[in-house]
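What follows is calculated from the coordinates using simple rules that are stated; it is not laboratory data. Please read all numbers here as calculations on a predicted model, not as lab measurements. Ideal geometry is used to build each Cβ from the backbone, glycine not excepted, and the neighbour counts take in all protein chains shown.
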Amino acid sequence: MTRAIIVRHGQSTYNIEKRIQGRTDFSRLTQKGCDDASQVGKFLSQIKFDAIYCSPLTRAQQTAAIIHQELSVNSEQSAVPQPSHQLLEVDLPLWEKMLSADVQYQFADDYRIWKEKPHEFKMLVPDGDGTREHFPVLSLYAQAREFWQEILSRHQGKTILIVGHNGINRSLISTALNIPPSRYHSLQQSNCGVSVLNFSGALGEPAQLESLNQTQHMGVTFPSLRPNHQGLRLFLVRHGETDWNRQGRYQGQTDVTLNQQGTLQSQKLSDLMQNVELDLIVSSSMSRAKETAEIILHHHPHVNLQLDDGFKEITHGFWEGKLETDIAQDFPEDFQQWLTKPAQLQLSSGENLQKLWQRSVKIFDAIVEEALSKKLKTILVVAHGGINQVLVCHIMGLSPENFWNFRQSNGSVSVIDYPLGLDGLPVLQAMNITSHIHGGAIDKTVTGAM
């Protein structure tokens, strides 16, 4: 496995001024940007990096240098930051240095396309004696693919650190996971946010997003709401650990309860969310999810808990109760298909992925629509690994074939915003956050069979 830890640069002067930065190199890190970069270095200090790459723009190089300094203090680090032009930020030559508000006013139609259809957005830029069409997002995706093709072959099986920008980081994650350019704005990257991406091989081979946009190392529990947020924030939680999770035994709809570790995970999650104002909690009706939701409710005694059978885990049929190792031995072809082509697997008993997708997405969308119609601001859904992976795929515009692209660990929390309500696309602000359980950037929870 090749592990890529992706960091956005620290807060810059242009970030404070709300200017479009693009590839200009006039902004510098603020004091907060420097302090946050230092916290990233401490957060990553237990990890040995085989290589460090950064954008050549000053704000990214400054961030990489501060992180490297902290890494060198806390551990033996031989890798030093190497600038790569393939990590340059999105190229917006006609807007760079302008205030974002002025861009929205002076280029209203173009800005609307940029936000709503980024894959179609283009600029006419000078080219010799004439002009040429420049597609910023499509170009950035191509740039990200070139970076992965070069870097993954060079560092196969290693751990690398990448310090880039909002746009290029989104494109790196998206190209690894086949997220289309139309969803460019559906991934958030906060200043000094940390994401972890794992590759099984080269670009195009299976990859999994282990976590997205961790911010707890900076004292920020969850990424802040975007300006002009008008809609809904939804927290998506996987239940705490069970004995069957720890044993690697398939649960499905067998009603297994939390073990001691699962209760502790749920308590830590409850503490993490104690200052979040929740309007509603919806949980799978199965014991392990219901127990997790009830523990979270300790800090929210006046919030209604709604149970829904539709959020029950996928039914594994005759696999339920069996160890994953035994399933792999007794049903090698079916098990290999489950791991590589899950959408095509149909056991003679149990539930296929399409059926799970249909029932969970239908209920999820109905809950979101009802919450928005009632003008609820914040809700929480507690479900299962299979359910949550389907839901993250759904909001990112992916299909059942991408089922394994997103990790969902016991006791984890993900954050999904609907900033424009049903009129706009959802935004995955953070995903599979587990640092409240183990305190580090790498997810150390037991993977746990579903």
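Descriptive notes on the structure:
- Over the chain, dividing the summed -39,500 (n - 2.57) contributions of all DSSP H runs of at least 4 residues by the number of residues returns a 222 nm mean residue ellipticity of -11000 deg cm²/dmol.
- Cα Rg, Dmax, region 2-218, angstrom units: 17.1, 54
- Semi-axes of the equivalent ellipsoid of region 232-438 are 28, 20, 14 Å, computed as sqrt(5λ) over the eigenvalues of the C-alpha gyration tensor in descending order.
- This model, with +1 at the C-beta of Lys and Arg and -1 at the C-beta of Asp and Glu, gives the chain a dipole about its Cα centre of some 620 debye.
- Cα gyration tensor category, rounded, prolate or oblate, for region 1-121 with a/c compared to 1.5: prolate
- Database remark: amide H of Gln306 closer than 5 angstrom to the amide H of Ile281, Val282, Ser283 (H placed geometrically; neighbours at sequence offset of 5 or more, or on other chains; Pro and chain starts carry no H).
- The label point for Leu264 and the one for Trp404, both projected 7 Å from the Cα toward the Cβ, are 3.0 nm apart.
- With the charge dipole of the chain set up from +1 on Lys and Arg Cβ and -1 on Asp and Glu Cβ about the Cα centre, the Cα lying farthest toward the positive end among the listed residues Leu71, Thr263, Leu305 is that of Leu71.
- Cβ crowding within 10 Å averaged over residues, with 211-222, 13-24 ranked highest first: 211-222, 13-24
- Label-to-label distance for Gln358 and Gln247 is 3.3 nm, based on points extended 7 Å past Cα in the beta-carbon direction.
- Take each peptide in 106-112, 156-162, 381-387, count the other Cβ atoms within 10 Å of every residue, and average; sorted highest first, the result is 381-387, 156-162, 106-112.
- Amide hydrogen proximity for Asp25: with H placed 1.01 Å from N in the peptide plane, no residue at 5 or more positions away or on another chain lies under 5 Å.
- Ranked list, fewest to most other Cβ atoms within 10 Å of each Cβ, for Met123, Met286, Met273: Met123, Met273, Met286
- Of all DSSP-defined beta bridges confined to region 232-438, some 45% are antiparallel rather than parallel.
- Computed P(r) (all Cα pairs; the chain; 10 Å bins; percent): 4, 21, 31, 26, 14, 3, 0, 0
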